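To start, the structure itself, in structure tokens.
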Amino acid sequence: MLDSKHLHTLAAIVDQGGFASAAQHLGVMLAAVSQRIRALEEQLGQRLLVRGKTVRPTPAGQAVLAHVRQMQVMEADLLARYAATAESGRWQTLPVAVNADSVTTWFLPGVAPLLARQRLLLNLRVDDQDHTNAALLAGEVLGCVSTLSKPLRACVADPLGVMRYRCVAAPAVAQRVQRGGRLDVHALLDTPALIFSPKDALQDQFLERHLGLRQPQYPRHHLPASDGYAQALDLGLGWGMVATQQLDARPAHAPPLIDLLPGCTCDVALYWQHWQRESETALRLTRAVQQAAQRFGLQETF
């Protein structure tokens, strides 16, 4: 049987980013942390961590880490079940990975009642929807909003719906990139685009799908914050892709945004990737995520 101290130490090293930080977090000597990991690796006959400037789990370490996360959530479920009242129960943390647009439009509003009712804390990792699954694969989260339709190992991929994006810009920018009421492709490619992060490929997908441009070159602002992204659009710093839910939620006093190619959209199908074997709390979260996607307007076209 695996020693629970060894397993929790492995999780602490990954969570805290290193052996020394894990030792401080656990309140033990650094040597004790090293000994526990060495014993666990010897018991399993596998190297679990890649040591270096940054510590990261190996594929074997990822599998063990996923087991630890499940064990932690199930243990918290058991403690909560036997607590005298909800108020005396322990707060429970649920690590998840979600793309920024989903966080602000439907994910947080949808799961907020569950979090408050069940004394749950989110450990939210924000990443591009094409890359959130890496955190689940590494055993770092219980579930993720992803574009990957094929279930990861020991996981389920529940379809959530489609986020529909439009190519928009402030009126001044729209005037610069249009000629005679039509989009001027050369002018567009000479105008900065607003990119959420280097992983964001929505602009490239839109240009290829609707203008036939493959791997186009154009200037880019990188703005990894939803509010900063919206402000940059309003300030006329460039053009960008915005979800219809975000456009619909803009306040009445906000400056107008012009659709540069009316009727042309970029649809992103989203899935909730989560473990097949879930605790009761994780299952409640899965149900809340599924209901939130329907309630807050994801398109039901796959």
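The values are calculated or read from the model by the stated rules, or taken from the named source; none is laboratory data. Everything quoted here is computed from the prediction, not taken from an experiment. Methodologically, a virtual Cβ is constructed for each residue, glycine included, from the backbone with ideal geometry; neighbour enumeration extends over all protein chains shown.
On the stretch given as region 127-152, residues that are in a loop (DSSP other than H, G, I, E, B) and on the phi < 0 side of the Ramachandran plot total 16. Within region 14-29, being in contact with a Ser or Thr (Cβ under 8 Å, 6 or more places away or on another chain) and aliphatic (A, V, I, L, M) holds for 22, 26.
Of the residues making up region 32-51, those that are modelled with pLDDT under 85 and part of a loop (DSSP other than H, G, I, E, B) number 4.
A Cβ distance below 6 Å, combined with a sequence gap of six or more or placement on separate chains, defines the contacts here; from region 234-257, residues that are closer than 17 Å to residue 163 by Cβ reach residues that are small (Gly, Ala, Ser) and in a loop (DSSP other than H, G, I, E, B) in the pairs 245/297.
Is it the case that residue 85 is surrounded by fewer than 21 Cβ atoms within 10 Å (Cβ to Cβ), assigned to a loop (DSSP other than H, G, I, E, B) and either modelled with pLDDT of 85 or more or not acidic (Asp, Glu) (or both)? So residue 85 passes the test. Residues in region 188-218 that are buried (at least 21 other Cβ atoms within 10 Å of the Cβ) and either closer than 17 Å to residue 261 by Cα or modelled with pLDDT of 95 or more (or both): 7 in all. The number of residues in region 248-295 being within 21 Å of residue 149 (Cβ to Cβ) and in a loop (DSSP other than H, G, I, E, B) comes to 3.
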